[in-house]
């Protein structure tokens, strides 16, 4: 029953009571379901079978939209963290970066989200399809959002205009990923604050 | 023949011509062999069998020293790059960081070394033993070397004393790893220079 292709037969059966749900709505529903599983349980128990059952969508439809478990996981994860990892804009780039990076560190260290991402990045090293899906469905989108906020800081005169903000993404979020993937040192609040302070103020003596 | 445990029978056969090699020498020889294979061919063709044959050491001995292929690979890799990735000390931290990071970027992008590390880090995400071996045999040692050079820059008055140099390791080398593991953006020379400049000079306006 759980694996029966529900919406494939919906046209015949009619289902006039609820009507056929628009694809966008079904899609959003699936992504919400996937995100919930990932952030509460992790990736091990995420299967197409289970997502199909939980969201009442046929596996055929799921495979049509997401060709692999990795793609489904990343799309779901992106949507799940979108709100939590929003980039605040209070007009103070220092405060905004620290609060966003804190939220990011919390998801990474206090939910299964950190393991999910680490395992996906890990698998992507020997799976070119997964690597491409990761970038397309997750990291390039996250990079773009961070870049937007940093460019507004440039416009506001808080970050120098000649700085390539793409590099800052690697020196802030990339530095956190580094500690997650190679855990020689922990991700602490002091670390988060130092990331931002080092870049905004510089580590030298300003006598250049 | 290739897999015959050569040094296990060396005692009986005598081999008086060369005599039995000291363990340190044998070990260094194996690590050199492993490093050469990794930096010229990558990790796919690295097997205990092949290393035993190439360095005329029994597999038994190899397994005694390195319990897994991952441990053998990381120890060999650490030694192979030790010289190339040495931390110069000309007294100018800016120039020294740029030249070391350039050498690091070259190994990562122009030799199979980058793939080797990426795959080891990837596998380590689901293999706790490999993760521990990676840190013990590679990353903690590399971190320590970088930290030493950065602390000398603090003593020389080029980096402010209150800076936690461990965070700089993540914002410099960690940022390069980020682009290698999640290749949304390439590792270019401009990127390397920006990493160092952003930190030393700061990205704000210094009016804190």
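Here is how the numbers come out for the structure above:
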read-out: Extreme residue, farthest from the other protein chains (Cβ to nearest Cβ), among residues of region B:163-199 that are over 21 Å from residue A:133 (Cα atoms) and assigned to a loop (DSSP other than H, G, I, E, B); value: B:188
read-out: Lone qualifier among B:102, B:84 - being more than 14 Å from chain A (Cβ to nearest Cβ) and part of a helix (DSSP H, G or I); value: B:102
read-out: Subset tally (residues that are at the interface with chain A (Cβ under 8 Å from one of its Cβ atoms) and loosely packed, with under 15 Cβ neighbours inside 10 Å) for region B:121-145; value: 2
read-out: Residue match in region A:43-55 (condition: farther than 30 Å from residue B:114 by Cα, part of a loop (DSSP other than H, G, I, E, B) and either out of contact with any helix residue (DSSP H, G or I) (no Cβ under 7 Å at 6 or more places or on another chain) or at pLDDT below 90 (or both)); value: yes
read-out: Residues being more than 7 Å from chain B (Cβ to nearest Cβ) and touching a residue at least 60 places away in the same chain (Cβ under 8 Å) - total across region A:146-162; value: 5
read-out: Residue B:158 modelled with pLDDT of 95 or more, crowded, with 18+ Cβ neighbours inside 10 Å and farther than 28 Å from residue A:132 by Cα; value: yes
read-out: Residue list for region B:157-178, filter: touching a helix residue (DSSP H, G or I) at 6+ places or on another chain (Cβ under 8 Å) and at positive phi; value: none
read-out: Residue under evaluation residue B:173, criteria (1) more than 14 Å from residue B:87 (Cβ to Cβ); (2) crowded, with 18+ Cβ neighbours inside 10 Å, criterion not met; value: (1)
read-out: Any hit, region A:106-114, residues being under 10 Å from the mean Cα position of the chain (by Cα), without any contact (Cβ under 8 Å) to a residue 24 or more places away in the chain and crowded, with 22+ Cβ neighbours inside 10 Å; value: no
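Each row is one residue, and each column tells you yes or no for (1) in contact with a strand residue (DSSP E or B) (Cβ under 9 Å, 6 or more places away or on another chain); (2) part of a loop (DSSP other than H, G, I, E, B); (3) under 23 Å from residue A:48 (Cβ atoms).
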residue: A:88; (1), (2), (3): no, yes, no
residue: A:95; (1), (2), (3): no, no, no
residue: A:118; (1), (2), (3): no, no, yes
residue: A:123; (1), (2), (3): no, no, yes
residue: A:134; (1), (2), (3): no, no, yes
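The values are calculated or read from the model by the stated rules, or taken from the named source; none is laboratory data. Here the structure is a predicted model, which is why all the values come from computation and not from measurement. Every residue, glycine among them, receives a Cβ derived from its backbone with ideal geometry; neighbour counts consider all protein chains shown.
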